[in-house]
1. Test A104 against the criterion of being of a type in the set (A, V, I, L, M) and touching a Gly at 6+ places or on another chain (Cβ under 6 Å), and give yes or no.
2. Does F369 satisfy the condition of being farther than 25 Å from I74 by Cα, in a helix (DSSP H, G or I) and among the aromatic types (F, W, Y)?
3. Look at region 82-94 and say how many of its residues are touching a residue at least 40 places away in the same chain (Cβ under 8 Å) and surrounded by fewer than 23 Cβ atoms within 10 Å (Cβ to Cβ).
4. Kindly establish whether L31 is of a type in the set (A, V, I, L, M, F, W, C), touching a residue at least 12 places away in the same chain (Cβ under 8 Å), open to solvent by less than 40 Å² (accessible area, probe 1.4 Å) and under 24 Å from I172 (Cα atoms).
5. Within the set of pairs 6+ apart or on separate chains, which have a first residue in region 237-252 that is at pLDDT 95 or above, a second that is open to solvent by 20 Å² or more (accessible area, probe 1.4 Å) and outside any helix (DSSP H, G or I), and C-beta atoms under 9 Å apart?
6. For region 49-68, give me each residue that is at pLDDT 80 or above and in a helix (DSSP H, G or I).
7. Just to be sure, is R23 outside any helix (DSSP H, G or I), at pLDDT below 75, of a type in the set (K, R) and open to solvent by 40 Å² or more (accessible area, probe 1.4 Å)?
8. Suppose we keep only residues that are open to solvent by 40 Å² or more (accessible area, probe 1.4 Å) and of a type in the set (S, T, N, Q) within region 249-297. Which one would you say is farthest from L376 (Cα to Cα)?
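The values are calculated or read from the model by the stated rules, or taken from the named source; none is laboratory data. All figures in this text were calculated on a predicted structure; none of them were measured in a lab. Backbone-built Cβ (ideal geometry, glycine too); neighbour counts: all protein chains shown. Remember, those area values only see protein heavy atoms, side chains included, never the ligands or the DNA or RNA. Shrake-Rupley method; radii C 1.70, N 1.55, O 1.52, S 1.80 Å.
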Amino acid sequence: MGYNKSYLSGQFARGNELEPLARKWFAVLFLGTCLLYCARMAMPICAVTMASTFHWTKIDTGVVLGGFFWGYCITQILGGHVSDKIGGERVLLMSAVSWGLIIAVTPLLAKLSSRALFLMTAARFLLGLLQGVFFPSLASLCAYRVVKAERGLLMSTLSSGTYLGTLVAGGIKSVLLENYGWEHLFYWIGFLSCLWAVLVWYFLVKGKEITEQKQMISSSHQSNIRWLSYVLKPPVWSMIIAHMCTASSFYVLLSWLPTYFEETFPDAKGGVYNTVPWIAAIPTSLVGGWASDFLISKAHPVAYVRKLMQFIAMGVPVLFTLPMANSVTLTTAVTLITVSIAASTFSSGGVGVNVHDLTPSCAGALYGFMNMMGALSGVVTVSLSGYLIEVTQTWATVFTLVALINATGLGIYLFFGDAQRLDQHQHSPVTVI
């Protein structure tokens, strides 16, 4: 079982006429992650206005916003498994159309019913369900259709799109909220998401080469149903734990940093501490992906490169978040947090693509499981952080917790992590571009 070598070298080898297709994929998928986060952040950044409009309490707002994460966890594995079977590009297409429609009709649901709280929670839950398949389908697509020495750049490019999407959503909101109302933010993001789905169909789904891809993916079905057996292998579970720790740290900082700065530096301008770290994360994410691909192209062992990237992604935040447990100035705090978040983006060249090294035949399903565990651990650590703040009345415990999580995950991954393919005996076909 496997692909014809002449097909691989003639159709997808670097340097031929299909190289521009790969660049178009990068651009289309980058735009997709940007819109994904625009859609995801639409309600959080309008939460204050919506709470005032519909008379929500803080508890009500928390219920609405939290609905996303429960839906997001449910479809991770399913999305990855289906992507491994029929192709990640098709799952992306269906997902984009669905979440675009959900976002677009959200204001209508709120306006046309007296049960706005229930319907908004349901809409957030559905959005989580539909977006939960996105990153697992990207993992599957990357494993089947991108060469090993370019996976780091692709995934880091897409990761940078998430930071840009967060910033873009905030910028669009400022313009639309002032001139038209919060509803128009949902309308525009929904429209653009559906428009992006058209691009996915045109560049990723339409065409002869994708038809052939579908036939070849189906031959790896037997390996897809065995993905769970790999979880017990040390390189895999150490990768999962490292990903969980990285995700937990990210969710804690994303959720609590605005509150930390508002309470600790009440006179500071929110535009600085709410934007600088995420702006810095965009170029560093690209640098991390480029660096990992460059080192691999220079014949450095893949396992060494993955661990080096993860050492930067988790080791640097340990060193730069611990000082936050003490009293620092605003400038120092912004600098420390910016360096920590920027360094954490190097994970895109570490555990973010390690699943493609270990089990490319079922990368989508396994990444879905890994991402589901990351989301669940994030929900737990965010809640734990709130509890610690309430009980101790200090932020020192939160930053110490972030450092401890990173140090634990890094130590486990450095000791047990690897990049040697585990499903080689399955002779699973992998197409690269």
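1. Values: of a type in the set (A, V, I, L, M): yes; touching a Gly at 6+ places or on another chain (Cβ under 6 Å): yes.
Here the answer is yes, as A104 does meet what is asked.
2. Numbers: farther than 25 Å from I74 by Cα: no; in a helix (DSSP H, G or I): yes; among the aromatic types (F, W, Y): yes.
So F369 does not fit the description; no.
3. 4
4. On the way: of a type in the set (A, V, I, L, M, F, W, C): yes; touching a residue at least 12 places away in the same chain (Cβ under 8 Å): yes; open to solvent by less than 40 Å² (accessible area, probe 1.4 Å): no; under 24 Å from I172 (Cα atoms): yes.
No; evaluated as a whole, the condition is false for this residue.
5. As it stands, the answer is S238/D418; M239/D418, since those pairs meet every condition given.
6. Just the residues of region 49-68 that are at pLDDT 80 or above, to begin with: 49-56, 60, 64, 67-68.
Scanning region 49-68 gives T49, M50, A51, S52, T53, F54, D60, V64, G67, F68.
7. Against the criterion (outside any helix (DSSP H, G or I), at pLDDT below 75, of a type in the set (K, R) and open to solvent by 40 Å² or more (accessible area, probe 1.4 Å)), R23 does not qualify.
8. Residue satisfying both the conditions and the ranking: S297.
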